[in-house]
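K.L.:
The structure follows.
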Amino acid sequence: MKVKFLPAVFLFCYAASRLEAQHKKLLPEPQKIQYGERRLAIEGLGIRFASPPSSEDRFTAATLSRALEEQTGIQVPIWESDTPHPAIVLTRTGDVDPLPIPNEHPGPESRESYDLKITPEGVQLSGRSSAALYYGVQTLRQLTNGEGRAAFFPEVMIEDWPALAYRGTLVDTGSEGPMCTEAEIERQLDFLARWKANQYYFYSEASIELDGYTLLNPNARFTKDQIRRIIAYGRERHIDVIPAVEMYGHLHDLFRIEKYSDLADFPHGGEFNPANPRVKALLTDWVSQLAALFPSPFVDIGFDETWTIQKAAQSGEASTPVQLFLQQLNTVANLFQARGKHVMAYADIMVKFPGIISKLPPGLIAVPWFYEAAPDPEYKHWLQPLIAKAVPHIVASSVHSWNEIVPDYDTTFMNIDTLLAAGRKSHALGLMNTVWTDDAQVLMRQSWPGMAYGAIAPWQSAPMQPGEFFADYARAMYPPAAAPEMAQALTALNRAEVSLQKVLGQSTMTAIWNHPFDASTLTHLAANPESLRKCRILAEEAQEHLYRARSAGGGSAALDNFLVGAQLLDYAGMKYLYALEISDAWAKLPKAPTKETLTDAVSFGIYNSGHSRLADLMDAISQLKESYRRAWLNQYTDYRLYSALGRWNAEYEYWRSLQVRFRDFVDSFRGGEAPPSLQNLTGSGH
């Protein structure tokens, strides 16, 4: 028998893939990685510098020391001098360069590239900048295995660099919905830093303190000192905090104040009137203050969704939407550029009125955004007009959580993957992943997996694996015993949300408050009972996994938010299933029931104060309200809290009033007469 020898290259690739399969997935996936067979014990290691350390390098070393102690229980000291002991050696080969700058370039020669080598003799981490060292540390903390004396690093060689230069996340910090606390924004920066994000877009419509505008959101704005602390906090973590401010539309908070209402295109509207000479004076003041407050070389000036410019143009003598838009855009861009800023603006109106694109201010960076792959998976509608005129651009995706009970991760991941692929082809400068709060009910920590996905994807060159992401993410975020439970919880939550959307539509957080007993709703529900039941089963499965994750030490800033989301999904399924069951029970009543027949059919199953469908719904919503309130106050100020809770109060009162209606009707019913329609009894019309 002849022996066949496999080619050496095949054997090497097989051995490398076998070794890699033994280790947990790194997020982002390094550009080059090769594991060895050996390992390095963490006990006894220290951290030292092979190059003169800057304050940024020392912060990186302290971050690593703290992370290793949290993960393994081992104290890893920072040594100021060389020792004969194995060490984690940090070497910066270039300037400090902590933050991204204009004309940044990705790739192996970039400022952010690093090399990591782990052998039984120690760890060598080298990078071109302080940012590169920091990113290498984020990879190193993911390579940690075990606890106590058993903790170790695997033998590995990594060469890594970003595929895209700009990797940002935009967070609505308090304009459309709840207002984040300063501490919560710091948590977000800590979280995003783990995935090598380098930009944080601080979105504000009118929620930043500006001198001279005491009437503008006095109870819902960040002070200048808070902004300065947030900027400094981000810089330590190599994240540039960029103002994302609205300078044309989305400014109803300003125009609802009578003093400023005449600056709008229409009284108490939402957009500036560029033809009003007082507008430029106000903009000049705002730009001056914002440019001085934010040291970032970038600014995002908004200019999205300015839908009323057509009406405004119709009211003018010689204006067109294009002229109005360009007038305002040039005014704002010139003001910021005169202060050394590189200006970004959203591209939706530019694409709607293509005449704008050829007349954009020189150097402006367009931000094309669209949040679903369908019906244009290559985003040609949004990108081709910019490509044709060679307009530099950063593409913007979104976490689908602004109108959902829990995020729609399927749509989120698809949006990021497809838009990023289109952006790579169009030579986009980077990715901005947005997090909005439109329904004013969002518990933002539920969005964290989507935020992580949007930070990881533009760093790595390899395509993301959405089907594996929850497992990989949970392993990186949670203790080993809790990680599988969290992965399964996220999977169940996502499936529950998607199942509920089949009945209520995409905006589940809005639809959950609707009254369920009008005839058209009941007809729709009757066609979809299995989707509602599936939603409940999956939501309850998620709760079980979340409770087990908590017991396994997986308590985190986000876990309670996911638990509230799971319980609210369960409630939504219960609400609409119960409405269908109540309708069925009412439909089965005889045409002229006796009082006893009616009581038996309705009392205990529908409105009884002990155990009945209405009692269940009242119990569930009242208990959930308190959990929701606690989750809100753990991350937001109380701004808009009571407006949000008003929906919960109204929901409870709706069920209580129905309970009274059913009880009063049964008490007064004499028997032998036709009962009213369910729509009449519930006040839902015909």
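The values are calculated or read from the model by the stated rules, or taken from the named source; none is laboratory data. Since the structure is predicted, the reported quantities are computational estimates derived from the model, not experimental observations. FYI the Cβ positions are ideal-geometry reconstructions off the backbone, even for glycines, and counts take in every protein chain you see. Note: accessible area is taken over every heavy atom of the protein model, side chains too, but ligands, DNA and RNA are not part of it. Shrake-Rupley method; radii C 1.70, N 1.55, O 1.52, S 1.80 Å.
K.L.:
Search region 389-417 for residues being more than 30 Å from D439 (Cβ to Cβ) and touching a helix residue (DSSP H, G or I) at 6+ places or on another chain (Cβ under 8 Å), and hand back the single one that is most open to solvent (accessible area, probe 1.4 Å).
P.N.:
Of all residues in region 389-417, those more than 30 Å from D439 (Cβ to Cβ) come to 389-392.
Filter again for touching a helix residue (DSSP H, G or I) at 6+ places or on another chain (Cβ under 8 Å), leaving 389, 391.
Working: K389: 122, V391: 15 Å².
Ranking the candidates gives K389 first.
K.L.:
Further question on the same structure: Can you name the residue in region 152-165 that is open to solvent by 10 Å² or more (accessible area, probe 1.4 Å) and touching a strand residue (DSSP E or B) at 6+ places or on another chain (Cβ under 7 Å) and, of all such residues, is nearest to A457 (Cα to Cα)?
P.N.:
Taking the candidates together, the pick is L164.
K.L.:
If I filter region 440-447 for residues that are farther than 28 Å from S358 by Cβ, small (G, A, S), in contact with a strand residue (DSSP E or B) (Cβ under 8 Å, 6 or more places away or on another chain) and buried (at least 23 other Cβ atoms within 10 Å of the Cβ), do I get at least one hit?
P.N.:
Our first condition is that a residue be farther than 28 Å from S358 by Cβ; within region 440-447, this holds for 440-447.
Retained after the next criterion (residues that are small (G, A, S)): 440, 447.
Next, from what is left, pick out any that are in contact with a strand residue (DSSP E or B) (Cβ under 8 Å, 6 or more places away or on another chain): 447.
Subsequent filtering for residues that are buried (at least 23 other Cβ atoms within 10 Å of the Cβ) retains 447.
Scanning region 440-447, I find at least one residue that is farther than 28 Å from S358 by Cβ, small (G, A, S), in contact with a strand residue (DSSP E or B) (Cβ under 8 Å, 6 or more places away or on another chain) and buried (at least 23 other Cβ atoms within 10 Å of the Cβ), so the answer is yes.
K.L.:
Please identify the pairs in which a residue from region 642-660 that is within 14 Å of L617 (Cβ to Cβ) has its Cβ atom under 7 Å from the Cβ atom of a residue that is open to solvent by 20 Å² or more (accessible area, probe 1.4 Å) and outside any helix (DSSP H, G or I), counting only partners at least 6 apart or on another chain.
P.N.:
Hits for this filter: E651/W513; Y654/H515.
K.L.:
So how many residues does region 81-112 have that are hydrophobic (A, V, I, L, M, F, W, C) and farther than 16 Å from G44 by Cα? If you could, list the steps in order and put the result at the bottom.
P.N.:
Taking region 81-112 and keeping what is hydrophobic (A, V, I, L, M, F, W, C), we get 87-90, 96, 99, 101.
From what is left, the residues that are farther than 16 Å from G44 by Cα are 90, 96, 99, 101.
So the answer is 4.
K.L.:
Still on this structure, I have one more. So which residues in region 284-325 are of a type in the set (G, A, S) and either touching a helix residue (DSSP H, G or I) at 6+ places or on another chain (Cβ under 9 Å) or under 30 Å from I227 (Cα atoms) (or both)? Working first, answer last.
P.N.:
As a first pass, look at region 284-325 and keep what is of a type in the set (G, A, S): 288, 291-292, 296, 302, 312-313, 315-316, 318-319.
Listed by number, the residues that qualify are S288, A291, A292, S296, G302, A312, A313, G316, S319.
K.L.:
Of the conditions (1) open to solvent by 40 Å² or more (accessible area, probe 1.4 Å); (2) out of contact with any Leu (no Cβ under 8 Å at 6 or more places or on another chain), G605 clears all except one; give me its number.
P.N.:
Failing condition for G605: (1).
K.L.:
Would you please list the contacts, defined by Cβ atoms under 7 Å and residues six or more apart or on different chains, that run from a residue in region 22-49 that is in contact (Cβ under 8 Å) with a residue 60 or more places away in the chain and among the aliphatic types (A, V, I, L, M) to a residue that is in a loop (DSSP other than H, G, I, E, B) and open to solvent by 50 Å² or more (accessible area, probe 1.4 Å)?
P.N.:
Between residues of region 22-49 that are in contact (Cβ under 8 Å) with a residue 60 or more places away in the chain and among the aliphatic types (A, V, I, L, M) and residues that are in a loop (DSSP other than H, G, I, E, B) and open to solvent by 50 Å² or more (accessible area, probe 1.4 Å), the close pairs are L40/P86; L45/P86.
K.L.:
Please pick out the residue among G148, G127, G107 that is in contact with an Asp or Glu (Cβ under 9 Å, 6 or more places away or on another chain) and on the phi > 0 side of the Ramachandran plot.
P.N.:
Details: G127 fails: on the phi > 0 side of the Ramachandran plot; G107 fails: in contact with an Asp or Glu (Cβ under 9 Å, 6 or more places away or on another chain).
Exactly one residue qualifies, and that residue is G148.
K.L.:
Further question on the same structure: Do you know which residues across region 24-72 are over 35 Å from the mean Cα position of the chain (by Cα) and in a strand (DSSP E or B)?
P.N.:
Within region 24-72, the first condition is being over 35 Å from the mean Cα position of the chain (by Cα), and the residues that meet it are 36-41, 43-46, 48-52.
If the condition is that a residue be over 35 Å from the mean Cα position of the chain (by Cα) and in a strand (DSSP E or B), then G36, E37, R38, R39, L40, A41, G46, R48, F49 are the ones that fit.
K.L.:
Turning to a different aspect of this structure: Which residue, of T169, T139, is on the phi < 0 side of the Ramachandran plot, surrounded by 23 or more Cβ atoms within 10 Å (Cβ to Cβ) and under 24 Å from the mean Cα position of the chain (by Cα)? Write out each step before concluding.
P.N.:
Values: T139 fails: surrounded by 23 or more Cβ atoms within 10 Å (Cβ to Cβ).
Exactly one residue qualifies, and that residue is T169.
K.L.:
What pairs come up if the first residue lies in region 670-686 and is within 13 Å of A592 (Cβ to Cβ) and among the small types (G, A, S), the second is open to solvent by 80 Å² or more (accessible area, probe 1.4 Å) and modelled with pLDDT under 95, and their beta carbons are under 7 Å apart, counting only those six or more places apart or on different chains?
P.N.:
A674/K591
K.L.:
Would you point out the residue of region 616-648, among those that are over 20 Å from A566 (Cα atoms) and assigned to a helix (DSSP H, G or I), that is least open to solvent (accessible area, probe 1.4 Å)?
P.N.:
L641
K.L.:
Considering only region 513-565, state which residues are within 30 Å of Q679 (Cα to Cα), out of contact with any Pro (no Cβ under 9 Å at 6 or more places or on another chain) and open to solvent by less than 20 Å² (accessible area, probe 1.4 Å).
P.N.:
P516, F517, L532, C535, A539
K.L.:
Restricting the search to region 536-595, which residues are part of a loop (DSSP other than H, G, I, E, B) and in contact (Cβ under 8 Å) with a residue 40 or more places away in the chain?
P.N.:
Here is the first cut: in region 536-595, the ones part of a loop (DSSP other than H, G, I, E, B) are 552-558, 588-594.
Within region 536-595, A552, G553, G554, S556, A557, A558, L589, K591, A592, P593, T594 qualify.
K.L.:
Now a separate question. Of the residues that make up region 207-217, is at least one at positive phi, touching a residue at least 12 places away in the same chain (Cβ under 8 Å) and either part of a strand (DSSP E or B) or open to solvent by 10 Å² or more (accessible area, probe 1.4 Å) (or both)? Lay out the reasoning, then the answer.
P.N.:
Just the residues of region 207-217 that are at positive phi, to begin with: 212, 217.
Now narrow it down to the ones that are touching a residue at least 12 places away in the same chain (Cβ under 8 Å): 212, 217.
Filter once more, so that each one left must be either part of a strand (DSSP E or B) or open to solvent by 10 Å² or more (accessible area, probe 1.4 Å) (or both): 212, 217.
Yes.
K.L.:
Something else now. I'm told A492 meets every condition in (1) out of contact with any Phe, Trp or Tyr (no Cβ under 6 Å at 6 or more places or on another chain); (2) outside any helix (DSSP H, G or I) except one. Can you identify the failing condition by its number?
P.N.:
The failed condition is (2).
K.L.:
If you don't mind, another one. Exactly one of these conditions fails for G672: (1) touching a Ser or Thr at 6+ places or on another chain (Cβ under 6 Å); (2) part of a loop (DSSP other than H, G, I, E, B). Give me its number.
P.N.:
The failed condition is (1).
K.L.:
Looking at this structure, is R187 within 24 Å of the chain's Cα centre (by Cα) and not in a strand (DSSP E or B)? Reasoning before the result, please.
P.N.:
Details: within 24 Å of the chain's Cα centre (by Cα): yes; not in a strand (DSSP E or B): yes.
Judged against the criteria, R187 is a match.
K.L.:
Follow-up. Would you check which residues across region 593-622 are of a type in the set (S, T, Y), within 21 Å of S677 (Cβ to Cβ) and modelled with pLDDT of 90 or more and list them?
P.N.:
Taking region 593-622 and keeping what is of a type in the set (S, T, Y), we get 594, 597, 599, 603, 607, 609, 612, 622.
Of the ones still in play, those that are also within 21 Å of S677 (Cβ to Cβ) are 594, 597, 599, 603, 607, 612.
Passing the criteria: T594, T597, T599, Y607, S612.
K.L.:
Continuing with this model, one more query. Please find, among T418, T437, the residue that is touching a Pro at 6+ places or on another chain (Cβ under 8 Å), touching a residue at least 40 places away in the same chain (Cβ under 8 Å), among the polar types (S, T, N, Q) and assigned to a loop (DSSP other than H, G, I, E, B).
P.N.:
Values: T418 fails: assigned to a loop (DSSP other than H, G, I, E, B).
Selected residue: T437, the only one of T418, T437 that is touching a Pro at 6+ places or on another chain (Cβ under 8 Å), touching a residue at least 40 places away in the same chain (Cβ under 8 Å), among the polar types (S, T, N, Q) and assigned to a loop (DSSP other than H, G, I, E, B).
K.L.:
Moving to a separate point now. Restricting attention to region 257-265, does a residue exist that is in a loop (DSSP other than H, G, I, E, B), over 27 Å from Y200 (Cα atoms), without any contact (Cβ under 8 Å) to a residue 24 or more places away in the chain and over 29 Å from the mean Cα position of the chain (by Cα)? Show your work before the answer.
P.N.:
First pass over region 257-265, keeping only residues in a loop (DSSP other than H, G, I, E, B): 257, 265.
Applying the additional criterion that residues be over 27 Å from Y200 (Cα atoms) yields 257, 265.
If we keep only those that are without any contact (Cβ under 8 Å) to a residue 24 or more places away in the chain as well, we get none.
Taking every residue of region 257-265 in turn, none turns out to be in a loop (DSSP other than H, G, I, E, B), over 27 Å from Y200 (Cα atoms), without any contact (Cβ under 8 Å) to a residue 24 or more places away in the chain and over 29 Å from the mean Cα position of the chain (by Cα).
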